[in-house]
Amino acid sequence: MFPSPARNTFRYTFSWCIVAALLFVPLLLWAAYDFYRSRHVDPVLAFFTGVFGLLFAYAWLWTKTRVTLHEEGISYKSPFREKDLRWDEITETRYGQQPINASAHFGLLGWLIASMARGNNKMIRTLELIGPQKIVLNSNIRDMEELVRLVLAAVNPRLRQDAERVLNSGGTISFGKISLSPAGVVWKSKEPIPYAALVKCKIDGAMLRVKAGGKWLDNIAVTAKKVPNIFILLDLIEEKRSTAVGKTAALAMAGSSANQYL
């Protein structure tokens with residue numbers, strides 16, 4: 001626990017609890033009616049009522065989870081564990097997003113779940129904070145977008161400053177299988193793509209896509225979650241590209257800030 005009071009508190013949604021209730025309550029009513037009518041409950045009905053009752057209790061227990069932001073760092077407290085990470089201990093973030101169309105797969109119930117969980121924003125988001133231990137945040141948390149923005153605002157300036165120092169001194173920075181060098185963007189062991197040649201570098205759905213001018217297909221297409229510190233990568237690419245082509249260039253690339261995706 002941190003000595004300072006919490007600046008922000010985020011709680012879990014009741015979405016999965018409501019879903020479990022939608023499954024449990026009808027079975028419970030059916031079992032009650034069965035018992036009222038025959039003073040006996042069918043064993044199969046009793047079994048499934050018990051299973052979904054336990055599922056409902058488990059989902060309710062998870063609603064007690066809290067994420068709090070402090071001056072010193074972030075605290076995650078669930079019914080089963082508690083983790084604290086100081087801001088200066090976090091060395092890597094992993095952001096992922098996945099568009100969903102629950103109604104297409106699960107009909108009316110899926111549409112209801114998605115509406116309750118995320119309003120008009122049909123996107124599942126995750127953010128992993130990696131240091132001496134790992135904290136995983138996901139879209140089961142209310143106001144997940146705001147939480148991600150606040151966390152990145154506390155972590156990324158320091159990590160970006162370290163990355164810029166290496167890059168400006170002529171070094172190469174690795175972001176998983178993507179690297180940035182003074183010459184351009186490097187995918188695995190291929191030749192660098194010059195910054196001035198880039199026409200697209202953004203998160204598109206679940207993928208990070210990088211494309212150079214004159215190419216039909218993307219030069220790089222990789223799942224966003226596989227790219228460490230992805231927003232620092234996007235910011236540095238945009239900064240280098242702006243320098244290479246001039247800040248008054250008419251073509252502006254998307255993806256230079258986390259705020260565009262949150």
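The values are calculated or read from the model by the stated rules, or taken from the named source; none is laboratory data. Keep in mind the model is a prediction, meaning the values are calculated, not measured. Glycine also receives a Cβ, built like all others from the backbone with ideal geometry; neighbour counts cover every protein chain displayed. When the accessible area is computed, the model is the full protein with side chains, heavy atoms only, and any ligands, DNA or RNA have been set aside. Shrake-Rupley method; radii C 1.70, N 1.55, O 1.52, S 1.80 Å.
Kirkwood analysis of segment 133-262, using all unique Cα-Cα pairs, places the hydrodynamic radius at 15.5 Å. For the chain, the membrane-span-like helix rule (DSSP H, alpha carbon extent of at least 30 Å along the helix axis, mean Kyte-Doolittle at least -0.5) picks out 15-38, 144-168; this says nothing about an actual membrane.
Each of Asp42, Asp143 has its accessible area taken with a 1.4 Å probe; listed largest first, they run Asp143, Asp42. If I build a Gaussian network model for the chain, linking alpha-carbon pairs within less than 10 angstrom, which residue out of Leu217, Leu159, Leu69 has the largest mean-square fluctuation? Among Leu217, Leu159, Leu69, the largest mean-square fluctuation in the Gaussian network model of the chain belongs to Leu217. For segment 26-98, the Cα-based Rg and Dmax, in that order, read 21.3, 65 Å. Considering only alpha-carbon pairs that sit under 8 angstrom and 6 or more positions apart, the relative contact order computed for the chain is 15 percent. Note on the chain: Kirkwood radius taken over Cα pairs, Stokes-Einstein applied at 10 °C and 1.306 mPa s, translational D equal to 75 µm² s⁻¹.
Shape summary: segment 1-66 maps onto an equivalent ellipsoid whose semi-axes, from the alpha-carbon gyration tensor, are 37, 10, 8 Å in decreasing order. Result for the chain in a Gaussian network model with C-alpha springs under 10 Å: among Val44, Val19, Val151, the largest mean-square fluctuation is at Val44.
Computed per residue of the chain from DSSP H runs no shorter than four, each worth -39500 (n - 2.57), the mean residue ellipticity at 222 nm is -13500 deg cm²/dmol. The residue among Ser75, Thr63, Leu208 whose Cα reaches farthest toward the positive pole of the charge dipole of the chain, with charges on the beta-carbon of Lys, Arg, Asp and Glu, is Leu208. Placing unit charges on the Cβ atoms only, positive for Lys and Arg and negative for Asp and Glu, gives the chain a dipole magnitude near 380 debye about its Cα centre.
The value for segment 162-209 of Rg(Cα) / (2.2 N^0.38 Å) is 1.18. Under 5 Å between amide hydrogens, built in the peptide plane, is the criterion, and for Thr13 it picks out Ile141, Arg142 among residues at least 5 positions away or on other chains. The HN-Hα couplings worked out from phi for segment 123-134 by the Karplus form 6.51 cos²θ - 1.76 cosθ + 1.60 (θ = phi - 60°) are 9, 8, 10, 9, 9, 9, 10, 10, x, x, 9, 10 Hz, whole numbers, x standing for Gly and Pro.
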